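Below is one structure, written out as structure tokens; the observations come after it.
The values are calculated or read from the model by the stated rules, or taken from the named source; none is laboratory data. Model, not experiment: these values are computed from the prediction. Cβ: placed from backbone, ideal geometry, glycine included. Neighbour counts: every protein chain shown.
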There are 2 protein chains.
Amino acid sequence: MRQQEPALCCYIAVDWGTSHLRAYCCQLASNGEVTVLGSLTGPGVKKVQTDFKSTLLTLINPWLTQYGPLPVYLAGQIGSSIGWLETAYLACPIRPEQILQHPQSLACEHYQISIMPGLSCRLPGQQFDAMRGEELQILGLCQLYPEYEQGEHLLCLPGTHTKWVLLRDGVIEYFKTALTGELFDLLCHRSVLLPKLPQTEPFCWHSFARGAALSLHQQQADLLHTLFSVRSRQLFAGDSATEGRAYLSGLLIGSDIKAAMQALEWQFPPEVVLIGNPMLRQCFSQVLTSMAIDTVSIDVTAATLAGFARVALAQQLMPD
Amino acid sequence: MRQQEPALCCYIAVDWGTSHLRAYCCQLASNGEVTVLGSLTGPGVKKVQTDFKSTLLTLINPWLTQYGPLPVYLAGQIGSSIGWLETAYLACPIRPEQILQHPQSLACEHYQISIMPGLSCRLPGQQFDAMRGEELQILGLCQLYPEYEQGEHLLCLPGTHTKWVLLRDGVIEYFKTALTGELFDLLCHRSVLLPKLPQTEPFCWHSFARGAALSLHQQQADLLHTLFSVRSRQLFAGDSATEGRAYLSGLLIGSDIKAAMQALEWQFPPEVVLIGNPMLRQCFSQVLTSMAIDTVSIDVTAATLAGFARVALAQQLMPD
């Protein structure tokens, strides 16, 4: 029987993004191992809009009751201008562990709540970009797999927004944001392209591949001019709504990947590191594989928890 | 004093699209002149969803009371699968006046209501497209300006969706749909790109031009990868929300026009005929002019009314 590592600390880690809140009650062992004592999900920043405090406290109250006033660490859009309290954007190039030096405390009754900073970068053509939350996952990636701190790696973090990140010798050089996930959600639920449909039917990989292929291979397949085919295929090519939904997903992810492959900011590598949920990893992996690009698949929850463990450890070591 | 032309008939013309209903109580003179006795606007098909009959009758009831049971002609998305009653899609190539032979009558109490058909076309690469409502505007264009029935003309009809239409010797050869307007609306009101803002401030043409230039001139300016700059410019370049909104409009319209200019379906001509509302015509005209393309500007209401006049006349001449 393996001996139990002594617990170093307990804390509540909250990845509070645009569309979802994901909270974990964690115990960190002295060997760095994280045990998740509980987890829950809640509404994203976009939906909550203002009532962040009561939303959070209501959700985590059972843990506070059971384990006492644990420190709470927040990351993601919750620290943006549309969140609870705007925290800094640290400028790239930067090592992800530098976020550990800039948590911002929040006065919230007698609870110790900290919000992590985000990152910003400048791109060619006077473009700017920003991220919140993914930098913590990248910190977690390097914690779990220190080999990514050596050499050049292109990371792809799909979610509400896809982040394409160039990591060079452990430094985030710059990154680009694509609106892929948010656009899929809006077009699925609020456009004329698809009827309201229950998401019970299985995902149609054949339609997904068809949409991705159109974006990837058809000359001049501008997204604005191809999106309407989601509806016209239902009208004239016999696509069901379920097929249309997967086809739309393929159009968008194909377009996202094609743009990343043609981006001027990097030489697209033969291997991409995917950090996301299983379904999104599978979607991106399938399209990248069809373009002869290898993928490494990292679970986003594992990366997030490893990132928060670094935050908790840094806070432990910090003088009060 | 000009002599009053004898009235040939009165009718109610309803352009019922995805986002708006626009109804006109019309009197057609024997010389073809249309007098608008009244006009009103109402909710689009997407908003009404099912209760089409009572929505329409409530809106036009004052006219029915004042003028008696006038015939009612409907065109637009109201005849689609998401509308009141699905009418045919007539296949291109086709002369727009052929729609006059295919109105579909609707049993609605004792009222005489007809819905016009739409058009469909096949594009290269096994793509399909569909329109409803614009074919009536094109019919009206040819009625108002018969010179467009000769030679080749590229028409651009911006609205909820942009329709790019190749008209050759009075025949609609084919057309392409871009989701430009619907996407603008969704991204303005329901995405993280822009805060809720009152639309009282004047449109910022400078920001519009900046967004359009990025889409038109920056190499690899894929829309998915540039949309987030609407937000990042507010964060890091001092753009106000009003400026961000105009910049987003520029990104989308620039992308729409660039795709049309690169489309394989036609040789982009030195002149484009714009049919739309004044604001959209100005937006598209400004971008096209910046690309050294001439524009002819046609008011969409004038074209719509001229199209419905052809419908009313054809119905008058039809044996019962």
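Brief remarks follow.
- Complete set of residues in segment B:124-149 that are touching a helix residue (DSSP H, G or I) at 6+ places or on another chain (Cβ under 8 Å), under 17 Å from B:Y174 (Cβ atoms) and acidic (D, E): B:D129, B:E135
- Here A:F284 qualifies as within 14 Å of chain B (Cβ to nearest Cβ) and under 14 Å from the mean Cα position of the chain (by Cα).
- Complete set of residues in segment A:185-208 that are buried (at least 19 other Cβ atoms within 10 Å of the Cβ) and of a type in the set (F, W, Y): A:F208
- Residue in segment A:93-111 that is in the same structural domain as A:I138 (by TED's automatic domain parsing), under 17 Å from the mean Cα position of the chain (by Cα) and at pLDDT 95 or above present: yes
- The set of residues in segment A:274-311 that are within 30 Å of A:P71 (Cα to Cα), outside any helix (DSSP H, G or I) and of a type in the set (D, E, K, R) contains only A:D299.
- Conditions (1) within 30 Å of A:Q98 (Cα to Cα); (2) crowded, with 17+ Cβ neighbours inside 10 Å; (3) without any contact (Cβ under 8 Å) to a residue 60 or more places away in the chain; (4) more than 10 Å from every other protein chain (Cβ to nearest Cβ): number failed by A:F175: (3)
- Considered as a group, the residues in segment A:178-218 that are β-branched (V, I, T) and more than 21 Å from A:K258 (Cα to Cα) include one that is farthest from the other protein chains (Cβ to nearest Cβ), and that residue is A:T200.
- Residue in segment A:26-47 that is crowded, with 17+ Cβ neighbours inside 10 Å, touching a Leu at 6+ places or on another chain (Cβ under 7 Å) and outside any strand (DSSP E or B) present: yes
- Filter pass, B:L70 being under 15 Å from the mean Cα position of the chain (by Cα) and farther than 22 Å from A:D239 by Cα: no
- Checking each residue in segment A:241-269 for being free of Cβ contacts under 8 Å to residues at least 24 places away in the same chain and more than 10 Å from every other protein chain (Cβ to nearest Cβ) picks out only A:Q267.
- Failed item in (1) in contact (Cβ under 8 Å) with a residue 40 or more places away in the chain; (2) more than 14 Å from every other protein chain (Cβ to nearest Cβ); (3) surrounded by fewer than 24 Cβ atoms within 10 Å (Cβ to Cβ), with A:V296 passing the rest: (1)
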